[in-house]
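> Here it is, the structure, as structure tokens.
The values are calculated or read from the model by the stated rules, or taken from the named source; none is laboratory data. In this text the structure is predicted, and so the values were computed from the model without any measurement. Note: ideal-geometry Cβ built from the backbone for every residue, glycine included; neighbour counts use all protein chains shown.
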Amino acid sequence: MQADHQTSDRIAELLIHIGRLARSAGSGSALTAAQWTCLRFFARANANTRTPSGFASFQATTRGTASQIVKSLEGLGLVTRNRSDRDRRSVVFDLTGRGRAMLAQDPLGDLVEVIRDIDAADQDHVLAILSRLAAGLTTRRDCPAFGSCRDCSHFALSGDTAHCACMEADLAAADIARLCASFAPKIDPETTTQDKPT
């Protein structure tokens with residue numbers, strides 16, 4: 001049964017409201033909302049994605065703006081730049097010990113605790129719905145999708161070896177749950193047509 005427009009509007013407004021509540025840390029917060037997002041992103045992203053351009057795509061902002069946010073975190077001693085193992089000409093960013101300690105004060109923690117109070121089956125259901133919403137919106141807006149390897153169409157598992165067809169490389173076990181800029185959602189034939197703009 002199709003929901004009416006009023007219900008759809010209310011869900012969209014509620015999602016935005018929850019997002020604002022979760023991001024607000026009060027006037028005493030050590031970081032801005034954008035800096036918190038960047039710090040979380042570098043904590044969750046794989047090595048190929050922990051770059052200013054990777055963060056710019058994730059945040060849906062310009063590379064210049066993303067670079068300024070990254071530089072501010074670097075200036076605060078929360079992230080450090082390192083040469084990429086795959087391409088020595090490029091740099092990746094890692095959290096410092098201070099950056100990892102800062103995440104313990106993340107204002108998103110309150111929302112995480114509220115979600116943990118929800119039944120596991122309901123959490124799985126909400127996650128599936130939100131993943132569909134995110135995939136549908138990225139399709140409509142023609143912007144990059146982000147997700148982890150295990151939910152990606154490039155991901156293949158052969159025995160104990162995980163492989164990324166996009167990177168043409170085997171994956172470390174630790175990277176399978178991390179965010180990736182090369183993510184491509186698995187195609188669901190039932191939802192493909194309704195997720196595209198008419």
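> Find all pairs meeting these conditions: Cβ atoms under 7 angstrom apart; at least six residues apart or on different chains; first residue within region 106-119 and touching a residue at least 12 places away in the same chain (Cβ under 8 Å); second residue hydrophobic (A, V, I, L, M, F, W, C) and in a loop (DSSP other than H, G, I, E, B).
Qualifying pairs under 7 Å: Pro107/Ala25.
> Could you run through region 86-99 and say how many residues are β-branched (Val, Ile, Thr) and at pLDDT 95 or above?
1
> What are the residues in region 136-160 that are outside any loop (DSSP other than H, G, I, E, B) and polar (S, T, N, Q), if any?
Thr138, Thr139, Ser148, Ser158
> Which of the following residues is closer than 22 Å to Ala145 by Cα, touching a Leu at 6+ places or on another chain (Cβ under 7 Å) and not assigned by TED's automatic domain parsing to the domain that holds Asp175: Ala45, Ala34, Ala56?
Ala45
> Still on this model: Quickly run through region 139-169 and pick out the residues that are under 27 Å from Ile11 (Cα atoms), free of Cβ contacts under 8 Å to residues at least 40 places away in the same chain and surrounded by 12 or more Cβ atoms within 10 Å (Cβ to Cβ).
Gly147, Ser148, Asp151, Cys152
> Would you please name the residue that is farthest from Ala60 (Cα to Cα), looking only at residues in region 107-138 that are of a type in the set (Gly, Ala, Ser) and surrounded by 12 or more Cβ atoms within 10 Å (Cβ to Cβ)?
Ranking the qualifying residues of region 107-138, first place goes to Gly109.
> In addition: Can you find a residue in region 100-117 that is in contact with a Gly (Cβ under 9 Å, 6 or more places away or on another chain) and at pLDDT below 85?
No.
> Still on this structure: What residue, among those in region 66-94 that are assigned to a helix (DSSP H, G or I) and in contact with a helix residue (DSSP H, G or I) (Cβ under 7 Å, 6 or more places away or on another chain), is farthest from Ser182 (Cα to Cα)?
Top of the filtered list is Ser72.
> Give the residues of region 46-61 that are under 10 Å from the mean Cα position of the chain (by Cα) and buried (at least 23 other Cβ atoms within 10 Å of the Cβ), sorted by residue number.
Phe55
> Here's another thing I want to ask about it. I need a count of the residues in region 95-105 that are surrounded by fewer than 15 Cβ atoms within 10 Å (Cβ to Cβ) and free of Cβ contacts under 8 Å to residues at least 24 places away in the same chain.
Result for region 95-105: 4.
> Okay, moving on. Kindly indicate the residue of region 62-85 that is among the charged types (D, E, K, R) and surrounded by 13 or more Cβ atoms within 10 Å (Cβ to Cβ) and also nearest to Leu103 (Cα to Cα) among those meeting that condition.
Restricting to residues being among the charged types (D, E, K, R) and surrounded by 13 or more Cβ atoms within 10 Å (Cβ to Cβ), the top hit is Glu74.
> All but one of (1) over 30 Å from Ala30 (Cα atoms); (2) in a loop (DSSP other than H, G, I, E, B) hold for Ala128; which doesn't?
(2)
> Among the numbered criteria (1) among the charged types (D, E, K, R); (2) farther than 13 Å from Asp94 by Cβ; (3) without any contact (Cβ under 8 Å) to a residue 40 or more places away in the chain, which one does Glu74 miss?
Failing condition for Glu74: (2).
> Of Arg10, Arg20, Arg50, Arg40, which residue is in the same structural domain as Gln105 (by TED's automatic domain parsing), outside any helix (DSSP H, G or I) and either at pLDDT 90 or above or not aromatic (Phe, Trp, Tyr) (or both)?
Arg50
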